[in-house]
Each structure stands twice: as structure tokens, then as C-alpha cells.
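Input: a single structure, listed below in C-alpha cells.
Rule-based calculations on the coordinates, nothing more; no lab input. Note that this is a predicted model, so its numbers are computed, not measured. Cβ atoms come from the backbone with ideal geometry, glycine included; neighbour counts cover every protein chain shown.
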Amino acid sequence: MFEVLTGTGLAASAGLNAYIPLLTMGLLARYTDLIELPSGWQWLGNGWIMMILAVLFAVEVVADKVPVVDHVNDIVQTVVRPTAGGLAFGAGSSSETVTVTDPGHFFSSNQWVPVVTGILIAFGVHALKSAARPVINATTAGVGAPVASTAEDATSIAMSLVAIILPVLVLAFLLGLVLFLFWFFRRRKDRRRERQAARAAGFRV
């Protein structure tokens, strides 16, 4: 159960920012005892790999906070974030953490399953983020882009740490995501109805 929650939290984090969960696992594995990566994933703790991830993370942080550029970035990240989610789920769910002391052979009979699961989770979160950002930009004249991006980065960092240290809290994140989805689509429906009403009033005039 904890393995699934750890993988889910890391994959969801990758859906917001591809590099944060991978960088978090690498740093924690290299400099702390909070996570021990399995043999097939120890490359995440390599200094050069972490340096590359840090540079890509810095580029992502800047690009995602500029209106219009953030939209282009989201298009590019449609491939990157799900891929990172697959890697994060695969590495995180089979790692020994402070909560998971014996991951054993989790998903070992079908080693592709955790990777595909992570891809799907990260893609779902990425799709939600990509759909919400144009609405935020349009309703705030672009001012909301850096605010939303900063909140997403903070959420991604917090979710990565929670997934490793206290994965049960991932359930709270998933509940919040469901509630946000409900609010977002209801808001879009209301705005569409308002535009149709305004257009109809214009025709009558």
C-alpha cells in the first residue's frame, strides 16, 4: 500500500514539474537516509545526473512563469512530464524509504506496470495543469501565471517529500485534486453559460 502511495505521489508531482521528484529522490538518496534507491535506479543519485536535472528545473521554473511561453512549455512537457512520472513511480515504489522498509518484489513480475502507471498519473495531472493555465492567464491578463506556477512548484516539492516521508498524506492530495477538478469544470461550464447569455443579450439589442 505504501509503495503505491509513494509512487503515486511522486508521479503526480512529476505531472506538475517533471524534474522535482527525480531531483528530490536523487538528493535524498545521496545525502540522507530517508530513501535507498534500488540497484536499477541508483543513477538518480549520480552527481552529473542531478546537475542536469537542476539545470532543466531552473529552465522550467523560468519558462513556466511567463504567459504564452508557459503554454509552449506545457506542449513540450506533454512528453517530458509523463516520462518523468513513469521513472518516478518506478523508482519510488521499489525503493526502501523511512516508511517502506521492505519493498520486496513489488510489481516485479511485471516490471513495466509501475512505469506505465506513473506515466498515466503524471499525464492526468499534466493535462489538468495545461487546461487550467490558459483559463488563469485569460482571467488575470497573465498576472496569474507566475503565481500559479509558484504554487504548482511548491505543491510538487511538498508532494515529493510527503510521498517519501509520509505517503499516507498522498490520499489528501488526491482528494484535493478531485475537488479541484470538480470546481474547475463547473467553473468552465458557468463561464460558458455566461458568455452564451451575453452573446444572446447582444443579439437582442
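Take each peptide in 137-146, 74-83, 6-15, 20-29, count the other Cβ atoms within 10 Å of every residue, and average; sorted highest first, the result is 6-15, 20-29, 74-83, 137-146.
Sorting check: for 59-66, 160-167, which peptide has the highest mean count of neighbouring beta carbons within 10 Å, and how do the rest follow?
Numbers: 59-66: 16.8, 160-167: 22.0.
Packing order, densest peptide first, comes out as 160-167, 59-66.
Find how much the distance from residue 63 to residue 113 grows on full extension, using 0.36 nm per residue of separation minus their present alpha carbon separation; answer in nm with one decimal.
Numbers: separation 50, 0.36 × 50 = 18.00 nm, distance 3.20 nm.
Additional length available on full extension: 14.8 nm.
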